[in-house]
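Just so you know, all these numbers are worked out from the coordinates, no wet-lab data involved. Just so you know, these numbers come straight off a predicted model, no measurement behind them. Quick reminder, even Gly has a Cβ in these numbers, built from the backbone with ideal geometry, and neighbours come from all protein chains shown.
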Amino acid sequence: MPMASRCHPRPASTEMTEPTYLTAEGLAKLQADLEHLVNVERPRIARAIGEAKSLGDITDNADYEQAKNDQAFLEGRIATLTQQLRTAELIDAAGSLEVAVGSRVKIRAEDGEEMSFTIVGAPEASPREGRISNLSPLAKALLGHRAGEQIRVDTPGGLDTYQLLEIA
């Protein structure tokens, strides 16, 4: 005689999705990227899969395998962009007296080197272009501080200290 199983409903997720901080330009770029992937790349890959299938046996078909791998990567990227756009929060820190996402800051390291960069959401981060992610240790340490304050940043190389010179 089989035992009756108890089915416990899974509790509703209380996990909050973190916002994706974007500038207006970053939002437009992500929207354009998603549109391109859906309207250009997805049909291109579908054609490649169809062409590879039309060649016959797909078990040892390198073109088919490559097209399927491309499709999997593309669908993952589409899902990521869709999620980022769903949770997008526009940033504008103009006129803020405290460092916030969107702030352009100028700092001085202990050795006297001065650096300027803008704190942006992770999708727009590009350190070479002077945009660091709000999730980076330096940005996290700067958030909420005012010009003139000293900031201590715990890095893999030890504790670094910076002087916050300007917020724009």
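For all pairs of alpha-carbon atoms in segment 76-115, what percent lies in each bin of width 5 Å, listed from the first bin to the last filled one? Distribution as computed: 6, 18, 13, 13, 14, 13, 11, 9, 3 percent. Packing order of peptides 18-27, 143-152, 55-64, highest average first: 18-27, 143-152, 55-64 (average count of other Cβ atoms within 10 Å over each peptide's residues). Structural descriptor for segment 93-167: relative contact order 33 percent, calculated from alpha carbon pairs under 8 angstrom and at least 6 residues apart. Remark on Thr23: its backbone amide H falls under 5 Å from those of Ile91, Gly121, a criterion applied only to residues 5 or more positions apart or on other chains, H modelled at 1.01 Å from N. Relative to the longest principal axis of the Cα atoms of the chain, the long axis of helix 62-86 lies at roughly 50 degrees. Over all pairs of different C-alpha atoms in segment 93-167, the reciprocal of the mean inverse distance, the Kirkwood hydrodynamic radius, equals 12.2 Å.
Taken as Cα centroids, segment 111-137 and segment 15-42 sit 20 Å apart, rounded to the nearest whole angstrom.
With the gyration tensor restricted to C-alpha atoms of segment 20-89, the semi-axes of the equivalent ellipsoid amount to 32, 11, 7 Å, longest first. When both bridge partners sit in the chain, DSSP labels roughly 75% of those beta bridges antiparallel. Modelled label positions at Glu89 and Arg47, each set 7 Å beyond Cα in the direction of Cβ, lie 4.2 nm from each other. Helix 42-54 and the longest principal axis of the C-alpha atoms of the chain enclose an angle of approximately 30°.
The C-alpha atoms of the chain define a longest principal axis, and helix 24-36 lies at about 10 degrees to it. All alpha carbon pair distances within segment 35-168 were sorted into 5 Å bins beginning at 0; the resulting P(r) in whole percents reads 2, 9, 14, 15, 11, 8, 8, 8, 8, 7, 5, 4, 2, 0. Candidate cross-link partners of Lys68 among the lysines, defined by an alpha-carbon separation under 19 Å and a same-chain spacing of 8 or more, comprise Lys53.
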